[in-house]
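Here's the structure we're looking at; comments come further down.
The values are calculated or read from the model by the stated rules, or taken from the named source; none is laboratory data. Owing to the predicted nature of the structure, the values given are computational and were not obtained by experimental measurement. Note: ideal-geometry Cβ built from the backbone for every residue, glycine included; neighbour counts use all protein chains shown. Keep in mind that these areas ignore ligands, DNA and RNA; they rest on the heavy atoms of the full protein, side chains included. Shrake-Rupley method; radii C 1.70, N 1.55, O 1.52, S 1.80 Å.
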Amino acid sequence: MRKEHENRPIRFAFLIFIVIVIFSVGQLTWWLIFQINNNQVKKQLQLDKMNLEIQYLAHHINRDFQSFIDIVSVKLSSEDEQKQSHEKFLSRLLENPAIYGYLVNDSTRAVKYWGGVIDSTYYARINERTWLFFDPHFPEKIIKTHKARLRFTNSGFNSGAGKPWVSASMFHIDPAVTEELDREARRHIVMFVSEGVFFMLIILFGAFLIYRTLQRSEDLKVRQRNFIQAVTHEFRTPLTSLRLYLETLQSGKVIVEKTSEIHARMLDDCDRLDLMIDNVLQAGLYEKGGYKLHLVNTDLAADLNEYLDRLESFFRRHNVQFLRDIQPNLIVRTDYPALERAVTALVDNAIKYTTCEEKKITVALMKKGNKAEIAVIDNGSGIPLKEQERIFDRFYRIGNELTRTVKGTGLGLYLVKQIVQAHRGTVKVSSDGENQGSVFTINLPLVES
């Protein structure tokens, strides 16, 4: 029940993450559809605008033709009937770019004359004897004047009787314009899709960070709660043991031979309490960056042998078969008490998690390239692969705190990592799995000779 309760915030965070993902994908899909449709609408508006321009140009050209006809009709009706007067007026009409030529053919008076170019493409009959011819290239000139990207094609012959000289069907949009609009539409679609995907990835990444942060926060809360439970248990056990030993001594029923043994166990409990309190204080200092090492050049082999010599009685009390394989003359820069704490923590960890009857621990020191490597090897319970990257985290311990039988607070390996990194070194663990033992390795840079 407790585990399910602890996982509830993480499930809630995961649910929020899924909702944000679905909402983001939905919003992006809607936005892309809207932008694509909007882009198509813009393209169609451009085409509609050009079609309206075609309608305007056709009307404009026909209106010009008709205005010339009206002017000529009025002028001819007001002039006298003399051929010379008519010809002079019609000649002046050729100065207009829309007029191509004229023709006067009066069979009753045997009068026939013309000027300009007589073309049958666009023409109009002014009266019974006068025809006016329009320039077939005039629509193209008008298009150029308006700077419209259109094309014009003459269609048949037209006298303006019953239908306009120029119709909208004679105009068409330049294919290059259509291709440019299609290119622009595709470019916008690619831009919208790429921007949409980019922003969606940012949203999803942000949601993922929030989810991971909440997950880590809940995980840290669980580990802190486990730490409090572990510390409470760790304090209670040696205190209970000390109380029991003191009451036994106070009773006066202890034989002299047992007194020294009781004193030794009481000292072990005191050391255990002292180590635990010191670990908590040191963890706080490392967390705040307030711990400073005092590094000096030293023979690592000599220091490591001193560390292990002080642990001999500890090995004997726990019935550990201890081996050491130390290569001499390896000079490194270390803080003596800090590195001793790290090595002791690894040895203590190896003993605690070696539950078999024949406990065997080996501490080795050797040169590996430009580094000195300290290896603590045990034949204990091993570490699952998925847990190996997390065991150096603060407060982290494998398993459930309520059912765990191995003593500890989850600070030992965290301090090892902090101390080794402060020495500009690395620490790692390798294990083939449960009941396969573990190997903890510390690498420290050698001092160049």
task = Using a cut-off of 11 Å between beta-carbons, work out the net charge of the residues near Phe134 (Lys and Arg +1, Asp and Glu -1, Phe134 not included).
result = -3
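Give me the percent of the accessible area of the stretch 98-213 that comes from carbon and sulfur atoms, probe 1.4 Å, all protein chains in place.
Numbers: 4080 of 6800 Å².
Answer for the stretch 98-213 is 60 percent, counting heavy atoms of protein chains only.
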query = Excluding ligands and nucleic acids, what accessible area in Å² is computed for Glu247 using a 1.4 Å probe, to the nearest 10?
reply = 90
ask   = Which of the aspartates and glutamates could a cross-linker bridge to Lys141, judged by Cα under 20 Å and excluding same-chain residues fewer than eight apart?
value = Glu53, Asp64, Glu95, Asp119, Asp174
query = Given the pairs Lys75/Lys144; Lys386/Lys428; Lys88/Lys112; Lys42/Lys144; Lys292/Lys428; Lys292/Lys417, which are separated by over 19 angstrom at their Cα positions?
reply = Lys75/Lys144; Lys42/Lys144; Lys292/Lys428
task = Under 14 Å Cα to Cα from Lys367, which aspartates and glutamates show up? Leave out anything in the same chain fewer than 8 places away.
result = Asp299, Asp325, Glu448
task = Enter the accessible area of Tyr102 (Å², nearest 10), with the probe set to 1.4 Å and all protein chains included.
result = 10
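Only bridges with both residues in the stretch 54-189 count here: give the DSSP antiparallel percent, nearest 5.
Of those bridges, close to 95 percent are antiparallel.
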ask   = Per residue, how much accessible area does the stretch 162-205 show when a 1.4 Å probe rolls over the protein heavy atoms, in square angstrom?
value = 63
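How large is the translational diffusion coefficient of the stretch 336-396 in µm² per second when you combine the Kirkwood radius over alpha carbon pairs with Stokes-Einstein at 20 °C and 1.002 mPa s? Walk me through the numbers before you get to the answer.
Values: Rh = 13.3 Å.
Approximately 162 µm²/s, per Stokes-Einstein.
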note = With 0.36 nm assigned to each residue of separation and the Cα-Cα distance removed, Glu261 to Val19 gains 80.7 nm
